1. Between a residue in region 134-145 that is over 20 Å from S384 (Cα atoms) and open to solvent by less than 50 Å² (accessible area, probe 1.4 Å) and any residue that is modelled with pLDDT under 90 and assigned to a helix (DSSP H, G or I), which pairs come within a Cβ distance under 6 Å, given they are 6 or more apart or on different chains?
2. Quickly run through region 47-62 and pick out the residues that are hydrophobic (A, V, I, L, M, F, W, C) and over 26 Å from the mean Cα position of the chain (by Cα).
3. Name the residue, out of P49, P14, that is open to solvent by less than 60 Å² (accessible area, probe 1.4 Å), part of a helix (DSSP H, G or I), farther than 20 Å from R67 by Cβ and not acidic (D, E).
4. Can you tell me which condition T246 does not meet? The list is (1) at pLDDT below 95; (2) under 23 Å from H174 (Cβ atoms), and all the others hold.
5. For region 316-325, state whether one or more residues are closer than 29 Å to C212 by Cβ, surrounded by fewer than 18 Cβ atoms within 10 Å (Cβ to Cβ) and free of Cβ contacts under 8 Å to residues at least 24 places away in the same chain.
6. Suppose we filter region 146-164 for residues that are without any contact (Cβ under 8 Å) to a residue 60 or more places away in the chain, under 24 Å from the mean Cα position of the chain (by Cα) and either in a loop (DSSP other than H, G, I, E, B) or farther than 21 Å from E98 by Cα (or both); how many remain?
7. All but one of (1) buried (at least 19 other Cβ atoms within 10 Å of the Cβ); (2) of a type outside the set (D, E); (3) closer than 25 Å to R100 by Cα hold for T217; which doesn't?
8. Return a yes/no flag: does region 232-241 have any residue that is more than 28 Å from P173 (Cβ to Cβ), among the acidic types (D, E), in a loop (DSSP other than H, G, I, E, B) and open to solvent by 60 Å² or more (accessible area, probe 1.4 Å).
Amino acid sequence: MTILDGVFRREWGPAVAALARWCGDLTVAEDAVQEAFTEALRSWGDQPPANPGGWLVTVARNRALDRLRRETSRPGKELAAMPIPTDDRPVHPVRDDELRMMFTCAHPALDASSQLALTLRLISGLTVPEIARALMQSEAAVGQRITRAKAKIRHANIPLRVPPAELLGERTPHVLACVYSVFTEGYWSTGGPSAIRDDLCDEGVRLAGELCELMPTVRDTHALAALTLLHDSRRSTRVDADGVLTPLDEQDRCRWDRGRIARGLDQLRLAAGAAGPYLPQAVIAAAHATAPDWESTDWAVICTAYDRLIAITDSPMARANRALAVGLRSGFDAGLAALDEIADDPRLTRSSVVASIRADLLRRAGRQPEAAHWYRIALDRNASEPAREFLRRRLGECEG
């Protein structure tokens, strides 16, 4: 089951994307791939085939054909019209199947939230709870958005095809948001036994690089690539030998990936002047990646970048994280005052971020009993077991 779970994480998105492009129906593609995984669970045992992705796509395609034959009253004509891929089909500038489906799901007939939820579910294989945490929405709301989006595509006969090259630009913000959400769920896994999902981190970095090659003059693509590379350079140091999160100020900087940092800084230079939310976040990541030690971190630069990010997005998460930066720049009381300004934002009610940051500021200020109180609250609101174990350790420090 562990082997199959790893294959599922790697192969779900590519398989659904390939099937959807082939048969033109998102629901048929998703159901067929799910049936293929069920068949794999019965057939593989402990040893998957040499090419598990190819096996799954072949089985899923057969299941999709069976379903289409059952559901059509004129199988000959209907199946003849199916866009079965061949080696001589036209080459589109978007080569990657997953990126193609991300651009496809960004159809203007769907609202932005539905586009994002649908893409993360179908193409990236994130579960509804994972998407809900990423979007800071309820699971019920996310599930309804996905269901309505698929129904609208089906009933309105929205074609599952990538727009022509000259129209890609208007859909790019959606695709950037999807890629970033994929990377974020990998780097800060919001649930489950692992703090990091390597498959999603790798996929986010890869897709960001593909976007840079596809649209080299779009600065926001370079900003996203810089952000993912700079964060990813620290991936191997983010958990200890027991799988518990290691905070940034305790990480071994000698183990950071200097090659990725250099590539990230190169992408950051190409992103200069980008107007979207990824450039200020990449500036923050660069400030951490280039500081020789925690004490040398340029918190003034980080606070300025957060101000820019908030001006672009009005993100409550950015405001909360800015409060921590303010505390480290201007003193813990200043940070706590900044946190008070955002603490009651309803968009953060399901998140542990405010309680965690308040606890951290209080701990650093030497106010251990108050810190312990907020660590307990953060524990109650966090679903990630590695994060919970880290919070338990901090709570023990404050109580001890």
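1. Listed pairs, sorted by first residue: G143/V128.
2. Just the residues of region 47-62 that are hydrophobic (A, V, I, L, M, F, W, C), to begin with: 50, 55-57, 59-60.
Result: A50, W55, V59.
3. On the way: P49 fails: part of a helix (DSSP H, G or I).
Sole residue among the options that is open to solvent by less than 60 Å² (accessible area, probe 1.4 Å), part of a helix (DSSP H, G or I), farther than 20 Å from R67 by Cβ and not acidic (D, E): P14.
4. Unmet for T246, out of (1) at pLDDT below 95; (2) under 23 Å from H174 (Cβ atoms): (2).
5. no
6. Residues flagged as without any contact (Cβ under 8 Å) to a residue 60 or more places away in the chain, under 24 Å from the mean Cα position of the chain (by Cα) and either in a loop (DSSP other than H, G, I, E, B) or farther than 21 Å from E98 by Cα (or both) within region 146-164 amount to 2.
7. Going through the list (1) buried (at least 19 other Cβ atoms within 10 Å of the Cβ); (2) of a type outside the set (D, E); (3) closer than 25 Å to R100 by Cα, T217 breaks only (1).
8. No: region 232-241 contains no residue that is more than 28 Å from P173 (Cβ to Cβ), among the acidic types (D, E), in a loop (DSSP other than H, G, I, E, B) and open to solvent by 60 Å² or more (accessible area, probe 1.4 Å).
The values are calculated or read from the model by the stated rules, or taken from the named source; none is laboratory data. Quick caveat: nothing in here was measured; it's all calculated off a predicted structure. Neighbour counts run over all protein chains shown; Cβ positions are idealised from the backbone, glycine included. Protein only, heavy atoms only, side chains kept; ligands, DNA and RNA dropped before computing areas. Shrake-Rupley method; radii C 1.70, N 1.55, O 1.52, S 1.80 Å.
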